[in-house]
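Everything below concerns the one structure shown next.
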Amino acid sequence: MMEQAERVLRRDPVMAELVDRYDPYVEPDWTAFERLCISIINQQLSTASAAAVRERVFEHFDGELTPSRVLEAEEPPLREAGLSTMKVEYLKNAARAFRENDYTRSGLEDHSAEEVRNRLTEIKGVGEWTARMFLLFVLERPDILPLGDLAVRRGIEQLYGDGEELSRDEMREIAERWRPYRSAATRYIWAEYESDD
């Protein structure tokens, strides 16, 4: 699918440069639960801060973040790792949801993006942005455009607006040329944005 995506993205001269310059943004092979927790940790944090907190949280769990371990965890060490009281609660909400329902790749693969978003956003602490991250990274849906992501918005503004602020409608219009592979385009935008950090 990546070859098809590249063919489509290369029709956009700006994106063609990114395709030549970067390997697409690839993540470690986290479980569905770990990836949801990472998105919760990342909420409203800069890339660098989020990475530091995530590392400390994973260290606390010896690299094994599971619903059972999160539910058993005491709050103070998680607060020391950099999580707010609210985020500790959100992680525990996610852990309960994963214990009660099937949010795995196989459990959700037959659901539409809208159904997945609806199910995920029923979990307190999981909003639209977090649900889109799950669709993009866990379920690997090919046409997700997460405009709730600050790095994506800033990246599009840098690449297509000379750094000037663009409305979300303008960004959606720019992204039309990437369909049906807006997820791949998003990964290239992240790669470019992170190279400037």
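A few comments on the model shown:
- Comparison of E122, E89 shows that the only residue that is more than 19 Å from the chain's Cα centre (by Cα) and over 30 Å from M2 (Cα atoms) is E89.
- Look at the stretch 146-166: where a residue is at positive phi and a partner is assigned to a helix (DSSP H, G or I) and open to solvent by less than 40 Å² (accessible area, probe 1.4 Å), sitting 6+ places away or on another chain with Cβ atoms under 7 Å, you get G163/E157.
- Selection count, the stretch 69-92, where residues are in contact with a Gly (Cβ under 8 Å, 6 or more places away or on another chain) and open to solvent by less than 60 Å² (accessible area, probe 1.4 Å): 3
- Members of the stretch 1-37 that are surrounded by 14 or more Cβ atoms within 10 Å (Cβ to Cβ) and of a type in the set (S, T, N, Q): T31
- All helices (runs of 4 or more DSSP H) inside the stretch 93-152 with 2 or more residues being of a type outside the set (A, V, I, L, M, F, W, C) and surrounded by 15 or more Cβ atoms within 10 Å (Cβ to Cβ): 113-121, 128-137
The values are calculated or read from the model by the stated rules, or taken from the named source; none is laboratory data. What you see is a predicted model, and the numbers here were worked out from it, not measured in a lab. For neighbour counting, all protein chains shown are included, and Cβ atoms are generated from backbone atoms with ideal geometry for every residue, glycine included. For accessibility, only protein heavy atoms count, side chains too; no ligands or nucleic acids. Shrake-Rupley method; radii C 1.70, N 1.55, O 1.52, S 1.80 Å.
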